[in-house]
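So the structure is just underneath, and the comments pick up after that.
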Amino acid sequence: MMTKDLFIKKLQDIQNNHKTVYMRGVYGAPVTEDIISYKTDQYPNWYSSERQITLRNLIGKGFFGFDCVCLIKGVLWGWNGDDTQEYGGAEYESNGVPDINADTMITKCEEVTEDFSKIEAGEALWCNGHIGVYIGDGKAVECTSRWSSNVQVTAVGNIGTVEGLNTRVWIKHGKLPYIMY
């Protein structure tokens with residue numbers, strides 16, 4: 001089982017050292033025609049013609065696709081940034097982590113609360129249909145298309161703002177059962 005410190009380090013590595021883009025249903029795949037076509041068939045309403053064009057412009061440029069919950073699952077499934085592997089080194093449903101959505105993942109967490117006064121680094125942050133991870137100092141790592149369509153560090157508005165960061169207010173947080181705190 002991964003420690004919270006290693007989990008946070010891996011999330012920050014993705015944000016700091018890899019080119020990422022928000023892609024619904026993708027847990028770290030290099031952006032290719034195959035993954036765009038596959039996910040377009042799976043989620044035709046989300047993968048509009050405009051989005052497909054935008055994503056096709058990233059092919060061959062070193063981008064990895066994630067969505068919010070797939071960022072968490074990808075890391076826990078072993079994502080390592082290997083662009084020669086279909087999902088960047090992640091192995092589907094490995095390490096005892098199931099393929100679940102953001103709303104289900106928060107229900108699997110322990111000590112879930114709406115009180116942000118004692119939040120611990122490594123905890124999942126949740127709002128309806130979206131999930132991120134608290135990394136400490138009032139900051140989260142999340143993959144979202146809300147601001148810049150990638151893996152990004154944001155401020156946890158429940159704690160305060162952080163100069164230079166976009167701010168999201170979350171509803172709940174809890175300890176993921178797949179990491180050691």
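Semi-axes, largest first, in whole Å: what does sqrt of 5 times each Cα gyration tensor eigenvalue give for the range 1-132?
Working through the eigenvalues yields semi-axes of 26, 17, 13 Å.
Mind jotting down a quarter of the surface of the convex hull over the alpha carbons of the range 12-85, in square nanometres, one decimal?
If you wrap the Cα atoms of the range 12-85 in a convex hull and average its projections, you get 4.7 nm².
Would you please state the base-10 log of I(q)/I(0) at q = 0.29 1/Å for the range 98-153, with intensities from the Debye formula using one equal scatterer on every alpha carbon?
-1.31
Ranked highest first by average number of other Cβ atoms within 10 Å, how do 91-99, 1-9 line up?
On the way: 91-99: 12.9, 1-9: 16.1.
Ranked from most to least packed, the peptides come out as 1-9, 91-99.
Semi-axes of the equivalent ellipsoid of the range 115-181: what are they in whole Å, largest first, if each equals the square root of 5 times a C-alpha gyration tensor eigenvalue?
18, 14, 11
Heavy atoms only, 1.4 Å probe, whole protein assembly: order Ile14, Ile100 by accessible area, highest first.
Working: Ile14 0, Ile100 25 Å².
Descending order: Ile100, Ile14.
Net charge near Ala155: determine it from the other residues with C-beta under 12 Å of the C-beta of Ala155, scoring Lys and Arg +1 and Asp and Glu -1. If you can, show how the numbers build up before the last one.
On the way: positive: Lys139, Arg168; negative: Asp137, Glu142, Glu163.
Combined, the nearby Lys, Arg, Asp and Glu give -1.
May I ask you to order 135-147, 44-56 by the average number of other C-beta atoms within 10 Å around their residues, highest value first?
Highest to lowest by the protection proxy: 135-147, 44-56.
Any lysines with Cα under 29 Å of the Lys4 Cα? List them, leaving off those in the same chain fewer than 8 positions away.
Lys19, Lys73, Lys108, Lys118, Lys139, Lys172, Lys175
The values are calculated or read from the model by the stated rules, or taken from the named source; none is laboratory data. Bear in mind the structure is a predicted one, so any value in this text is a computation, not a measurement. Counting neighbours? That spans all protein chains shown, and the Cβs are built from the backbone with ideal geometry, glycine included. In case anyone asks, the SASA skips ligands and DNA or RNA and just uses the protein heavy atoms, side chains included. Shrake-Rupley method; radii C 1.70, N 1.55, O 1.52, S 1.80 Å.
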